[in-house]
Amino acid sequence: MKEGDRVRLIRTDDPSGLRPGSYGRIVRISEVSADDVAGNSSLSPLLGRKKVWVDWDHHGVLALIEGYDSFRVIPGEER
């Protein structure tokens, strides 16, 4: 998985309205930081996981968290 790869969303709990089956392109990969989970101790197990920023085809940019949200990289769909 790298910047430029295409992905398909399988599942997310994000209330943004992004739906399973949505497609997008990875624009950045970072890690979940202490600032990301501040104020919500139930999210602390996510610290250090990959945060995959995706520019969704019809939804703007939204990050997925590897191992929390479910998505697939689409082979052969690189930029």
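A short reminder: the numbers here are calculations on the coordinates, not readings from a lab. Everything numeric in this text was worked out from a predicted model, so none of it was measured. FYI the Cβ positions are ideal-geometry reconstructions off the backbone, even for glycines, and counts take in every protein chain you see.
This structure gives percent of Cα pairs over 15 Å apart, computed directly, and of [x] 48; [y] 74; [z] 54 that value is listed as [z]. Inter-label distance, SER16 to ASP57: 1.7 nm, where each label sits 7 Å from its Cα along the C-beta direction.
Placing R0 at 25 angstrom, the Cβ-Cβ distance between ARG72 and LEU47 gives a FRET efficiency of 0.55 after rounding to 0.05. Note on region 6-74: antiparallel DSSP beta bridges, both residues inside, total approximately 95 percent of the bridges counted.
Under the combined filter of DSSP loop state and at most 15 neighbouring Cβ atoms within 10 Å, region 7-79 retains these GluC sites (Glu not before Pro): GLU77, GLU78. All other residues whose Cβ lies under 10 angstrom from that of ILE10 are scored, Lys and Arg at +1 and Asp and Glu at -1, for a net of +2.
Farthest toward the positive end of the dipole of the chain, out of VAL54, ILE10, SER42, is the Cα of ILE10, where the dipole comes from beta carbon charges about the Cα centre.
Dipole magnitude for region 6-74: computed about the Cα centre from +1 point charges on Lys and Arg Cβ and -1 point charges on Asp and Glu Cβ, it is near 340 debye.
With an 8 Å cut-off on Cα pairs and a minimum separation of 6 or more residues, tell me the relative contact order of the chain in percent. Mind showing how you got there, number by number?
Details: 149 pairs, mean separation 29.8, N = 79.
Reported relative contact order: 38 percent.
In sequence order, region 4-16 has phi-based couplings of x, 5, 8, 9, 10, 6, 9, 7, 8, 9, 5, x, 6 Hz under the Karplus curve 6.51 cos²θ - 1.76 cosθ + 1.60, θ = phi - 60°, and Gly or Pro positions carry x. For region 49-64, the Karplus equation 6.51 cos²θ - 1.76 cosθ + 1.60, evaluated at θ = phi - 60°, returns couplings of 6, 5, 10, 9, 7, 10, 8, 6, 4, 9, 8, x, 9, 8, 8, 10 Hz by residue, with Gly and Pro reported as x.
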